[in-house]
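Enquirer: Have a look at this one before I ask anything.
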Amino acid sequence: MELGQIVFVIPAYQAAASVGGVVRELLRVAPGARVLVVDDGSTDRTSEVARAAGAEVLRHAVNLGKGAALTMGLTAAAQRGARAAVSLDADGQHLPHEAARLAAHPAPPGALVITVRDLARAQAPGNARFSNALSNWFLSRAVGFELEDTQCGLRRYPLPECLGLGVRARGFEFESEILMRAAWMGLPIVQLPVEVYYPPPPLRVSHFHVVKDPARIIRRFLITWAETRRPRRERS
């Protein structure tokens, strides 16, 4: 897909220490890219740093969750005429050159392109690996085919298709719900291996809770299953 059809969306919360470097490197590897940072109610200088680095910034007055930030970003990207949005995290885990490669991937414009990390090679924390493996197993059974990485936030979203799915989650479970709804609606899903970066343990910052958030993902699956399957049962 051509760069002019893409907006890069970066949900950010308390990311003043890292978001500027992510934006600058993204603009270096993808000159002319449109970069949109959604500041999800940060109390630090996330917005100012992102804007100074060259991004357009939208902001929530209070912290609403990653899903709410992504929804705002995807909607804004569509309003700006983009065909697709590439999402990446503000903490530097997702490498900007991989985001640029994802944007240029030859998958059909209507495909949801998700990325697959080698968490062992990247030396991800053990609890994160376990949480991801559990979510992968559960969601793969739900959609009927193997999903290799259901939690990586580096994705290319086809905007008309994904904004029409009716996703309701506002937290980290957004990424699972949109994946389930896309699969159940028959959207093509392409899986692309990528490299990621995990900083040394003292420097790692994550707002993902390895117990509570997988539990929310499973709860969201059950709600979504009931919502999407009930009309089919009623028609049968």
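Read-outs: derived from the displayed coordinates by stated rules, not from any lab. In this text the structure is predicted, and so the values were computed from the model without any measurement. Glycine gets a Cβ as well: all are built from the backbone with ideal geometry, and neighbour counts include every protein chain shown.
Enquirer: Can you compute 3J(HN,Hα) from phi for each residue in the range 28-45, using the Karplus curve 6.51 cos²θ - 1.76 cosθ + 1.60 with θ = phi - 60°, rounded to whole Hz and x for Gly and Pro?
Expert: My calculation for the range 28-45 gives 6, 7, 10, x, x, 5, 8, 10, 10, 9, 9, 7, 8, x, 5, 9, 9, 9 Hz in order.
Enquirer: Within 10 Å, count the other beta carbons around each residue, average over each peptide in 9-17, 29-37, 59-67, and list them highest first. Can you show the working numbers first?
Expert: Numbers: 9-17: 23.8, 29-37: 18.8, 59-67: 16.6.
Those peptides, ordered most packed to least, come out 9-17, 29-37, 59-67.
Enquirer: Still on this structure, I have one more. In whole Hz, what ³J(HN,Hα) sequence does the range 6-20 give by Karplus (6.51, -1.76, 1.60; θ = phi - 60°), x for Gly and Pro?
Expert: Karplus values, whole Hz, x for Gly and Pro: 10, 10, 8, 10, 10, x, 9, 9, 6, 10, 4, 6, 10, 5, x.
Enquirer: Along each principal axis of its Cα atoms, how long is the range 49-113 end to end? Whole angstroms, biggest number first, please.
Expert: Reported extents, whole Å, longest axis first: 37, 24, 21.
Enquirer: If you don't mind, another one. Expected output is a single nm value to one decimal: the length gained when fully extending between R168 and R129, i.e. 0.36 nm times separation in residues minus the C-alpha distance. What is it? Provide the component values of the computation, followed by the final result.
Expert: Working: separation 39, 0.36 × 39 = 14.04 nm, distance 2.59 nm.
My answer for the length gained is 11.4 nm.
Enquirer: Per residue, how big is the convex hull around the C-alpha atoms of the range 3-230? Give it to me in cubic angstrom, could you?
Expert: Hull volume over Cα atoms, normalised by residue count, gives 113 Å³.
Enquirer: According to the square roots a ≥ b ≥ c of the eigenvalues of the Cα gyration tensor, what is the shape class of the range 96-201, taking rounded for a/c under 1.5, prolate for a/b larger than b/c otherwise, and oblate for the remainder?
Expert: Since a/c reaches 1.5 but b/c is at least a/b, the shape of the range 96-201 is classed as oblate.
Enquirer: Charges on Cβ only, +1 for Lys and Arg, -1 for Asp and Glu, centred on the Cα centroid of the range 1-123; of N63, L27, L3, which one is farthest towards the dipole's positive end?
Expert: L3
Enquirer: Can you give the relative contact order of the range 46-153 as a percent, counting alpha carbon pairs under 8 Å and 6+ residues apart? Write out the running numbers ahead of the final one.
Expert: Values: 53 pairs, mean separation 19.7, N = 108.
Answer for the range 46-153 is 18 percent.
Enquirer: So what's the angle, to the nearest 10 degrees on a 0 to 90 scale, between helix 174-184 and the longest Cα principal axis of the chain?
Expert: Once rounded, the angle reads 40 degrees.
Enquirer: Once you compute Rg and the Kirkwood Rh from C-alpha atoms, what is the Rg to Rh ratio for the range 1-91?
Expert: Details: Rg = 11.9 Å, Rh = 12.6 Å.
Ratio of gyration radius to Kirkwood radius for the range 1-91: 0.94.
Enquirer: Okay, next question. By the scheme Lys and Arg +1, Asp and Glu -1, what is the net charge of all other residues having a beta-carbon under 13 Å from that of P31? Each step should come with its number before you reach the end.
Expert: Numbers: positive: R24, R28, R34; negative: E25.
My count for the surroundings of P31 gives +2.
Enquirer: Oh, and also: Considering only DSSP beta bridges where both residues belong to the chain, give the percentage that are antiparallel (nearest 5).
Expert: Numbers: 7 of 28 bridges.
The antiparallel fraction comes to roughly 25 percent.
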